[in-house]
Amino acid sequence: MTGDRGVEGGPASGRPTSPTGADEERLTPAARARAAARAVAERAGIGVRPLRDAADAANAIALFDGIWRAAAADRPISTELLVALAHSGNYVAGAFADDELIGAAAGFLAAPPGRVLHSHIAGVSAQARGRHVGVALKLDQRAWALEAGLTEITWTFDPLVRRNAAFNLRRLRARAVEYLPDFYGQMRDSVNAGDVSDRLLVSWPLATEEVAAACEGTAVGPSPPSAAPLLEVAPDGGPLETRTVPAAAIVATATPADIEAMRRERPDLARAWRLALRGTLGELMAGGARVVALTPEGSYVVARGDAQPGPGPTGEGG
């Protein structure tokens, strides 16, 4: 129901020491992924392990309650469902500092069979933010999936939450594949209440060298290509649509700096941003356009039709 919207992290989070040279040549993709996951967890001073029983699941639900602060009827997932997912061979894991659960994630096997894991929920306690716990959970999830013979993980996130976009598209090198208007319908938790639940679906190709390098903290690639601004931030913080570049092959759609604070302080602007991003990024993707990058400032770079973005100057991509 919630996707990975609660993961903490950012473009420079949790860079591990990666295997190199002969070591890298000897490792299978799964073993290489496990080494990267272990390195991040060790640097964060945490352990990541499966959540197996009802007591583990209840602790995870208590953690999620502290993040989303939803009434029992509106929780993003239940204790019973976590137990069932774990028992039936899906991914359910927690991050621990000593014996305290500070992060958790759950996903289920998805279509096509034998290839995909859909990550349904991930969250990190407020007290653990900045410790790269979210990175450790995602890297553990990737290692688990590769060890299970899978090749892809998918999840959804709110495309207006700039830090999550940076974490998913820049840090992890996931790929945005579909804009989903009001995907979950009305949500009543404290994070999403009062807004419609538009989501961006991402795909994470687990065994590509680009993703492996990102997980190992060694990714270097071209900067985002030049793009004509289609949606910008107005002086009052609201959205400003630029209608003078309708024919541009590569365009950029901005995001607000902090949509969550805006929902509390300026709900009118938050609603305007939702409609503006849906009407630009959403319509572009529905028409076949592709998100090819996210700028450091949080703008989606979108290529229309058969446009091929030229490489920008080489620089740090994570």
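Please give me, ordered by residue number, the GluC sites (Glu not before Pro) of segment 254-305 that lie in loop per DSSP and have at most 16 other Cβ atoms within 10 Å.
Those that pass, being in a loop and sparsely packed, are Glu297.
Let me spell out the model: positive unit charges on the Cβ of Lys and Arg, negative unit charges on the Cβ of Asp and Glu, origin at the Cα centre of segment 109-218. What dipole size does that give, in debye rounded to 20?
320
Can you pull out the trypsin sites (Lys or Arg not before Pro) in segment 195-304 that DSSP calls coil and that have at most 13 other Cβ atoms within 10 Å?
Arg243
Where in segment 155-189 are there trypsin sites (Lys or Arg not before Pro) that are in a DSSP coil and have at most 16 other Cβ atoms within 10 angstrom of their Cβ? It would help to have the intermediate numbers written out before the result.
Working: sites: Arg162, Arg163, Arg170, Arg171, Arg173, Arg175, Arg188; in loops: Arg173, Arg188.
Sparse-neighbourhood loop trypsin sites (Lys or Arg not before Pro): Arg188.
Provide the gained length on full extension for the span Ala111 to Val196, in nm with one decimal, where the gain is 0.36 nm per separating residue minus the Cα-Cα distance.
Additional length available on full extension: 28.0 nm.
Please find the FRET efficiency linking Asp306 to Arg271, where r is the Cβ-Cβ separation and R0 is fixed at 30 Å, and quote it to the nearest 0.05.
Step by step, r from the Cβ atoms, then E = 0.30.
Report the full-extension gain for the segment Ala261 to Asp99: residue separation times 0.36 nm, less the Cα-Cα distance, to one decimal in nm.
55.1 nm
Where a number appears in this text, it was derived from the coordinates with a stated rule and is not lab data. None of these values were measured; they are calculated from a predicted model. Using ideal geometry, Cβ is built from the backbone for each residue, glycine included, and neighbour counts are taken over all protein chains shown.
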